[in-house]
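Here the structure comes first, spelled out in structure tokens, and everything after it is commentary.
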Amino acid sequence: MAWPVSGIALHDYVDPSGKVNDQDRIAFYEGHNRAVQQAIADGVDVRGIAPWSFMDNYEWASGYGYRFGMYYVDYGTQRRLPKASARWYKDVISRHGLE
């Protein structure tokens, strides 16, 4: 039985329009989801898949330099902002999988 967890560290930032457009994270998670779909088709007993972190946080190896989450955290104010990957993942969940 497998329950894969994966994530990617990026230098995310809020653009001038107030959004975080983390297309590399979306591509990363889409690739992992497709690999899990193939594993299931090949007979692997996969019970679920989960992103490494929903919110940016302190990472022991790199401090606050990299961000893993689907929600951008402004560490000074603790304000949370959904990244493009959060909206993408919401759509994947609502469809019960990739298109």
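Within segment 33-44, is even one residue more than 16 Å from the chain's Cα centre (by Cα), surrounded by 13 or more Cβ atoms within 10 Å (Cβ to Cβ) and not β-branched (V, I, T)?
Among the residues of segment 33-44, at least one is more than 16 Å from the chain's Cα centre (by Cα), surrounded by 13 or more Cβ atoms within 10 Å (Cβ to Cβ) and not β-branched (V, I, T), which makes the answer yes.
Count, please, the residues in segment 1-40 that happen to be within 20 Å of E59 (Cβ to Cβ) and either β-branched (V, I, T) or touching a Ser or Thr at 6+ places or on another chain (Cβ under 8 Å) (or both).
Final tally of qualifying residues: 11.
Exactly one of (1) part of a helix (DSSP H, G or I); (2) touching a residue at least 12 places away in the same chain (Cβ under 8 Å); (3) over 14 Å from I8 (Cα atoms) is unmet by G48. Its number?
Condition (1) is where G48 drops out.
Please work out which residue is surrounded by the most Cβ atoms within 10 Å (Cβ to Cβ), limiting yourself to segment 76-99 and to residues that are over 20 Å from V36 (Cα atoms) and out of contact with any Phe, Trp or Tyr (no Cβ under 6 Å at 6 or more places or on another chain).
A84
For segment 55-81, how many residues meet the condition of being part of a loop (DSSP other than H, G, I, E, B), at pLDDT 90 or above and of a type in the set (F, W, Y)?
Number satisfying all stated conditions: 3.
Is it fair to say A35 is modelled with pLDDT of 90 or more, of a type outside the set (D, E, K, R) and on the phi < 0 side of the Ramachandran plot?
Numbers: modelled with pLDDT of 90 or more: yes; of a type outside the set (D, E, K, R): yes; on the phi < 0 side of the Ramachandran plot: yes.
Yes: the conditions hold for A35.
Any chance you could count how many residues in segment 72-86 are under 20 Å from I8 (Cβ atoms), among the hydroxyl-bearing types (S, T, Y) and free of Cβ contacts under 8 Å to residues at least 60 places away in the same chain? Let's see the steps before the verdict.
Just the residues of segment 72-86 that are under 20 Å from I8 (Cβ atoms), to begin with: 72-73, 75, 80-86.
Right, trim to among the hydroxyl-bearing types (S, T, Y) and you get 72, 75, 85.
Keeping just the survivors that are free of Cβ contacts under 8 Å to residues at least 60 places away in the same chain gives 75.
Going through segment 72-86 one residue at a time, the tally reaches 1.
Search segment 4-19 for residues that are of a type in the set (V, I, T) and pair each with any residue that is assigned to a loop (DSSP other than H, G, I, E, B) when their beta-carbon atoms are under 6 Å apart and the residues are at least 6 apart or on different chains.
V5/W52; V14/V20
Taking the condition of being surrounded by 15 or more Cβ atoms within 10 Å (Cβ to Cβ), part of a loop (DSSP other than H, G, I, E, B) and in contact with a strand residue (DSSP E or B) (Cβ under 7 Å, 6 or more places away or on another chain), how many residues in segment 10-32 meet it?
Total satisfying the criteria: 3.
The values are calculated or read from the model by the stated rules, or taken from the named source; none is laboratory data. The structure presented is a predicted model; accordingly, all values stated were derived computationally and were not measured. Cβ atoms come from the backbone with ideal geometry, glycine included; neighbour counts cover every protein chain shown.
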